[in-house]
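Asks: I have a structure I would like to understand better, so I am pasting it below and will then ask my questions one at a time.
The values are calculated or read from the model by the stated rules, or taken from the named source; none is laboratory data. Because the structure is predicted, anything quoted here is derived from the model rather than measured. Heads up, the Cβs are rebuilt from the backbone with ideal geometry, glycines too, and the neighbour counts pull from every protein chain shown. Each accessible area value is taken on the protein alone, full model and side chains, heavy atoms only, with ligands, DNA and RNA left out. Shrake-Rupley method; radii C 1.70, N 1.55, O 1.52, S 1.80 Å.
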Amino acid sequence: MIVHGSQPGAQSRASIVAFGGVLFTYALLVLALFIAPLTAAHASERSALVLTGPADGAELSQHFEYALDPDWKLRVTDFIGSSAIKMQPVLGSVPDFGYTNSKVWLRIHIVNKSTKIIDWRFLAHVVFTQQMAIYKISSDGAVKTLVDLKEDSPFAARAIPYPQIVAPFDLAFGDEATFVVSYYAMGASRHSMSIETPDSLMQEARVNSAKSFAFYGMMLVMIVLAAVAFVTLRQFVFVAYAGYFMSIFLFVAQADGMAFQYIWSAFPQFNSMAAVVIGSSAMVFGGLFSMSFLQTGRYHPVTHRLLQLVIFSVLALDVILWATDPKLLNRVLVYMVVVSALSFLIAGLVAARTRFREVGFYVLAWGASLIPACLYTVRFAFGIQLTSITPFDAIRLALVVDALMMGLAIFDRYNHLRQS
């Protein structure tokens, strides 16, 4: 007779399997304890960057180490020799430490394996920052300062007259050197860096100049047309339109570095708060344009108060935080860009419910404007970088469409009123 139930042999086999599983898990844990320190040590030891030509930002980030200096006490000599302070590997494709109050220190070891290139360019993809210094440490321990820029350094103090910060250096075939970069930024600390040759830097400069001046030309045409229309028709909407796009023009010029190079090159202190002044102007003039074009005071009183609240909020933030916490002001206004653009679009949608023929182009214009606003916010608030197109290229394209749509909106509205 067969009795169903647990048998001694089955219980023994189950116990053996369970015990074996425990032993295996314990062995994995012990192995992990021994391997983890080795892995961490290996991760903290960055290999040298071998140069055979230009190296982009993602390639440099794989070899960068960093240290944050909250007390601002470190010096370049603290990163040299056997007594150098401990550093951590940079994670991600771009050094990014948020809106930190610490000074950032980066270190990278470079070996030149190019038989043709001796003259190099260390390029920091930033047009201005409150402090930036780049040092070259030769194999014999000698320190050479390539760039040392402060908040009050004029544009003429740069080693190479270029919108972004460039440090030229020599490195012959087979030579190696360590480079230390220190910087502090009032805004975000996300700054990409690359190694260029004179030819690659010149090529990049030609491409950037072509894109920038094409954008500037189109924006200036729209501003001039708005000024002519104001002189002819004496309507405030053209003043608000011109003020908004002049602010956008200056904001992009400041982001490109062209404004510091050509407009206020002798007043570097203005760069610290230029984005705040110009960005706030764009939001204020955008609100004035929306109220004037949509005639919200007459047709939509609730929307009118909403737009007034947006303008008041921007100005209040500037007044309260300008002297007390400018870093927080920079950060909050990044979010206000999307808030204001969305508010202007909502105002247009409310008006379109009853007056679509008059405000259709306006809705399209602010729909297009919401795209660069979102791109700007995700780039500087969350550090999200597009790979298919650079943020400012997308912003320029969307703003050109925005300017054309707003111009058509004004023309279409007055044409509609004339026909009525």
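Asks: Look through His109, His125 and report the one residue that is open to solvent by 10 Å² or more (accessible area, probe 1.4 Å) and closer than 25 Å to Gln269 by Cβ.
Replies: Details: His109 fails: closer than 25 Å to Gln269 by Cβ.
That would be His125, the only listed residue that is open to solvent by 10 Å² or more (accessible area, probe 1.4 Å) and closer than 25 Å to Gln269 by Cβ.
Matching residues to (1) of a type in the set (Lys, Arg); (2) over 24 Å from Met222 (Cα atoms); (3) modelled with pLDDT under 80:
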| residue | (1), (2), (3) |
| --- | --- |
| Tyr335 | no, yes, no |
| Val350 | no, yes, no |
| Gly367 | no, no, no |
| Leu375 | no, no, yes |
| Gln385 | no, yes, yes |
| Ala409 | no, no, yes |
| His416 | no, no, yes |
| Gln419 | no, yes, yes |
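Residue-by-condition table, conditions (1) surrounded by fewer than 20 Cβ atoms within 10 Å (Cβ to Cβ); (2) farther than 30 Å from Asn330 by Cβ; (3) touching a residue at least 60 places away in the same chain (Cβ under 8 Å):
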{"position": "Lys113", "(1), (2), (3)": "yes, yes, yes"}
{"position": "Lys116", "(1), (2), (3)": "yes, yes, no"}
{"position": "Trp120", "(1), (2), (3)": "no, yes, yes"}
{"position": "Gln131", "(1), (2), (3)": "yes, no, no"}
{"position": "Asp152", "(1), (2), (3)": "yes, no, yes"}
{"position": "Phe155", "(1), (2), (3)": "no, no, yes"}
{"position": "Ile160", "(1), (2), (3)": "yes, no, no"}
{"position": "Ile165", "(1), (2), (3)": "no, no, no"}
{"position": "Ala172", "(1), (2), (3)": "yes, yes, yes"}
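Asks: Within segment 293-331, track down each residue that is open to solvent by less than 30 Å² (accessible area, probe 1.4 Å), over 25 Å from Met273 (Cβ atoms) and not hydrophobic (A, V, I, L, M, F, W, C).
Replies: Thr296, His300, Thr303
Asks: Name the single residue that is surrounded by the most Cβ atoms within 10 Å (Cβ to Cβ) among those in segment 207-231 being of a type in the set (A, V, I, L, M) and in contact (Cβ under 8 Å) with a residue 60 or more places away in the chain. Steps first, please.
Replies: Restricting attention to segment 207-231, the residues satisfying the condition of being of a type in the set (A, V, I, L, M) are 207, 210, 214, 218-229, 231.
Filter once more, keeping what is in contact (Cβ under 8 Å) with a residue 60 or more places away in the chain: 218-219, 222, 225-226, 229.
Values: Met218: 16, Met219: 21, Met222: 21, Leu225: 17, Ala226: 24, Ala229: 20.
So, considering only residues that are of a type in the set (A, V, I, L, M) and in contact (Cβ under 8 Å) with a residue 60 or more places away in the chain, the one surrounded by the most Cβ atoms within 10 Å (Cβ to Cβ) is Ala226.
Asks: When you scan segment 318-345, how many residues do you find that are touching a Ser or Thr at 6+ places or on another chain (Cβ under 8 Å) and either more than 13 Å from Gly286 (Cα to Cα) or not in a helix (DSSP H, G or I) (or both)?
Replies: 5
Asks: Name the residue that is nearest to Val276 (Cα to Cα), counting only residues in segment 332-352 that are surrounded by 19 or more Cβ atoms within 10 Å (Cβ to Cβ) and of a type outside the set (A, V, I, L, M, F, W, C).
Replies: Restricting to residues being surrounded by 19 or more Cβ atoms within 10 Å (Cβ to Cβ) and of a type outside the set (A, V, I, L, M, F, W, C), the top hit is Ser340.
Asks: Could you tell me whether segment 231-242 includes any residue that is among the small types (Gly, Ala, Ser), at pLDDT 85 or above and touching a Phe, Trp or Tyr at 6+ places or on another chain (Cβ under 8 Å)? Don't jump to the end; show me each part of the working.
Replies: Within segment 231-242, the first condition is being among the small types (Gly, Ala, Ser), and the residues that meet it are 240, 242.
Right, trim to at pLDDT 85 or above and you get 240, 242.
Keeping just the survivors that are touching a Phe, Trp or Tyr at 6+ places or on another chain (Cβ under 8 Å) gives 240, 242.
Looking for residues that are among the small types (Gly, Ala, Ser), at pLDDT 85 or above and touching a Phe, Trp or Tyr at 6+ places or on another chain (Cβ under 8 Å), one finds at least one in segment 231-242, hence yes.
Asks: Consider only pairs whose beta carbons are under 6 Å apart and that are at least six residues apart or on different chains; among these, list those whose first residue lies in segment 232-256 and is under 17 Å from Phe215 (Cβ atoms) and whose second residue is of a type in the set (Ser, Thr, Tyr) and in a helix (DSSP H, G or I).
Replies: Qualifying pairs under 6 Å: Ser247/Ser281; Asp256/Ser212.
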